[in-house]
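Heads up, the thing below is written out as structure tokens.
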Amino acid sequence: MEGLQVHALQLFWSLGLWLLLHEAVYVLLGMLRRRTLICWSIGPLGATTTYLREPRRGFLLMQLLVPAALAALFLHVILFEEMAPPILHLPDGLLAQLLVVLISVIVTSGIRLLLLLRDWRYPLWGEARLLRSVAWCRGTGAVMYFTACGRAFVRERFQATPREFLQTV
């Protein structure tokens, strides 16, 4: 077996597309079911959305697993099925391919799984959910955007504009 050859630029773009696919499918699935989006943010740990109501557990599990499966499939195709993969001479056995899929699922959905389990164990509603979400996003350095529904919610519940609300949290 020859040594591995890495095409760095192609690998960089492939991994960027891989993460973008995962985040886009995750956010789109969330927007499909939940109608009252309060705010969304983009940060180093991905995209985060905050809704007024929490959907059922089955939908949350589907929202976690479908993007992870699509991202794993995309990574598998890029590394093992493409004519000119970004990393040449990768082992192509079944164990290596399963390992790539497993690593993909852990990297893309590991943190979200832990947060989902935390939410199921310690559920929060209403203002408390919004405060926790905003504090998490601010702590990770994410940039937040409020929707019209979110601006009205913050104005009604906290008597503040979104900017004032973010400064106090």
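The values are calculated or read from the model by the stated rules, or taken from the named source; none is laboratory data. In this text, all values refer to a predicted model and were calculated from it rather than measured experimentally. Virtual Cβ from ideal backbone geometry, glycine too; neighbours counted across all protein chains shown.
Numbers below:
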item: Every residue from the range 114-145 that is of a type in the set (A, V, I, L, M) and under 15 Å from Gly43 (Cβ atoms); result: Leu115, Val134, Ala135, Ala142, Val143, Met144
item: Long-range neighbours under 7 Å by Cβ, at least six apart or interchain, first residue more than 18 Å from Ile42 (Cα to Cα) within the range 8-20, second surrounded by 13 or more Cβ atoms within 10 Å (Cβ to Cβ); result: Gln10/Pro86; Leu11/Pro86; Leu11/Ile87; Ser14/Ile78; Ser14/Pro86
item: Close pairs from the range 140-169: first assigned to a loop (DSSP other than H, G, I, E, B), partner surrounded by 13 or more Cβ atoms within 10 Å (Cβ to Cβ) and hydroxyl-bearing (Ser, Thr, Tyr), Cβ under 8 Å, at least 6 apart; result: Ala142/Ser41; Ala142/Thr48
item: Residue match in the range 22-32 (condition: at pLDDT below 85, assigned to a loop (DSSP other than H, G, I, E, B), under 27 Å from Trp125 (Cβ atoms) and out of contact with any helix residue (DSSP H, G or I) (no Cβ under 9 Å at 6 or more places or on another chain)); result: no
item: Flag if Thr36 is in contact with a helix residue (DSSP H, G or I) (Cβ under 9 Å, 6 or more places away or on another chain), surrounded by 18 or more Cβ atoms within 10 Å (Cβ to Cβ), closer than 30 Å to Pro162 by Cα and not small (Gly, Ala, Ser); result: no
item: First in the range 35-61 and over 11 Å from Gly150 (Cβ atoms) and without any contact (Cβ under 8 Å) to a residue 60 or more places away in the chain, second anywhere and in a strand (DSSP E or B) and of a type outside the set (S, T, N, Q), Cβ under 9 Å, 6 or more apart; result: Arg35/Tyr51; Ala47/Trp40
item: Of the criteria (1) free of Cβ contacts under 8 Å to residues at least 60 places away in the same chain; (2) loosely packed, with under 15 Cβ neighbours inside 10 Å, which one Leu29 fails; result: (2)
item: Residue within the range 101-121 that is part of a helix (DSSP H, G or I), under 17 Å from Leu11 (Cβ atoms) and polar (S, T, N, Q) present; result: yes
item: Qualifying residue in the range 146-159 (condition: out of contact with any Asp or Glu (no Cβ under 7 Å at 6 or more places or on another chain) and within 22 Å of Leu15 (Cβ to Cβ)); result: no
item: Residue match in the range 82-99 (condition: of a type in the set (Gly, Ala, Ser), part of a helix (DSSP H, G or I) and in contact with a strand residue (DSSP E or B) (Cβ under 9 Å, 6 or more places away or on another chain)); result: no
